[in-house]
């Protein structure tokens, strides 16, 4: 039995969570950071931007800027 055969579902259909490795073209799990066969990096693995969409990062940056502006304005009101 080949390792690829173990990655099939019970009905014999390939799992949807499998992708082809960029290095050896074997089927690996989509969330695997590296291929267990050849060690190539998996570009489909969860990256930071995949887990946190860009709008979330942009919102966090804008919130931080708003807090800094508020703090600067608040401190300026106490200094002569």
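Brief remarks on what is shown
- For the peptides 62-68, 18-24, the ranking by mean Cβ contacts within 10 Å, running from highest to lowest, is 18-24, 62-68.
- Protection proxy ranking of 27-34, 54-61 - average other beta-carbon atoms within 10 Å, highest first: 27-34, 54-61
FYI, it's all coordinate maths here, none of it is from the lab. These numbers were taken from a predicted model, which means no experiment stands behind them. Positions of Cβ are backbone-derived with ideal geometry, glycine not excepted, and every protein chain shown enters the neighbour counts.
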